Amino acid sequence: MAGNSQRPSRRTSNKKGAQVGSGGNRRRSLEGKGPTPPAEMRKGHAKQRAAQAKARRAQGRPQRRTGGKSSSELVVGRNSVVEALRENVPATTLYVQQFIDNDDRVREAVRLAGETRTVNLLEAPRPELDRMTKGLHHQGLVLQIPEYEYAHPDDLTASALDEGEDPLIVALDGITDPRNLGAIVRSVCAFGGHGVVVPERRAAGMTAGAWKTSAGTAAHTPVARASNLTRALEAYQKAGLMVVGLDGDGDVELQDCEALDGPVVVVVGSEGKGLSRLVGETCDVRVRIPMPGAAESLNAGVAAGVVLYETARRRG
């Protein structure tokens, strides 16, 4: 129709598109937000939570490195308590059952605890002592032993160097009897050693039994605890110490071992299995103790004492 002024409509697409401008927002959204921050700085990330937890733990303890603490211990029974007090095993509290039969051992335990002036004396009803000892036969006496403060393995070399001496350290591999640990601590103290290193797991710790066997020398000889004994020995090697392992099939006899003349770590294995494979491979030299008699091996504590004597003789 000629008189129609309207222009014909255009064919449009069925697809929907933006009808209003974005005002530049789309362009800015494509510019990026810069480099991705490290995981420790990303809110809610697992590594950030771990870093925050580590910081909280660090705020609650001193900066000095330590090997950690052992769990506290209870010594139960009249004879055991009296022996522990006689040997000056550190203790915090002596629990005495109410209305207990007062015999010589009870009187001696109370007297020894009072003489120390550091052990609290508390009376407790029998049900409470039964609960504390989980039903053990305590005979009315329970002695609380505090947590042992282990040193760090590096502390042993540091104390030796502070004294101007070559470090002499004994490391125990697979020693599970606390009496052996106590005997070795006693020998280390007697022959001028600077401490003992024990693994954190599957090894004897400084229990009341170890304290008693050490005959009080544990108060003067530090015991360090290593989370991984092989790594601790490698760290000693990097610090310039020789690692000497005791082995019945060792290549060198004790009297011919020149490594004992300088800074050294003596590694003592268990009586049954000896040195573990990884620890044995880490040793710089394996030494055997000549035994002309009929015995095939020595007790771990005795063997350590023999090597410590030979080392002290050479250095003297």
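Taking a point 7 Å out from the Cα of residue 79 in the direction of its Cβ, the residues of the stretch 203-218 whose backbone N falls within less than 16 Å of it are 209.
Protection proxy ranking, highest mean first, for peptides 72-85, 176-189: 176-189, 72-85, where packing is the per-residue count of other beta-carbon atoms within 10 Å, averaged.
A straight Cα-to-Cα reach below 14 Å connects residue 134 with the aspartates and glutamates 73, residues fewer than 8 places away in its own chain not being considered.
Between residue 278 and residue 252, full extension at 0.36 nm per residue minus the direct alpha carbon distance yields a gain of 7.4 nm. Placing a pseudo-label 7 Å from each Cα along the Cα-to-Cβ vector at residue 315 and residue 118 gives an inter-label distance of 2.7 nm. Rounded to the nearest whole angstrom, the semi-axes of the ellipsoid equivalent to the stretch 129-217, taken from the Cα gyration tensor as √(5λ), stand at 31, 13, 12, largest first.
Relative protection proxy for 105-117, 262-274, 241-253, from highest mean packing down: 262-274, 241-253, 105-117 (other beta-carbon atoms within 10 angstrom). Between residue 162 and residue 86, the contour length at 0.36 nm per residue exceeds the alpha carbon distance by 24.0 nm. For residue 207, the shell of other residues with beta-carbons less than 12 Å away shows a net charge of -1, using +1 for Lys and Arg and -1 for Asp and Glu. With 25 Å as the cut-off, how large is the P(r) tail for the stretch 64-167, expressed as percent of Cα-Cα pairs? For the stretch 64-167, the share of Cα pairs beyond 25 Å comes to 34 percent. With 0.36 nm allotted per residue and the present C-alpha distance subtracted, the residue 294-residue 306 stretch has 2.6 nm of extension available.
Taken together, the values in this text are just the output of simple stated rules run on the coordinates, not laboratory data. As the structure is a prediction and not an experimental result, all values here were calculated from the model. Counting neighbours? That spans all protein chains shown, and the Cβs are built from the backbone with ideal geometry, glycine included.
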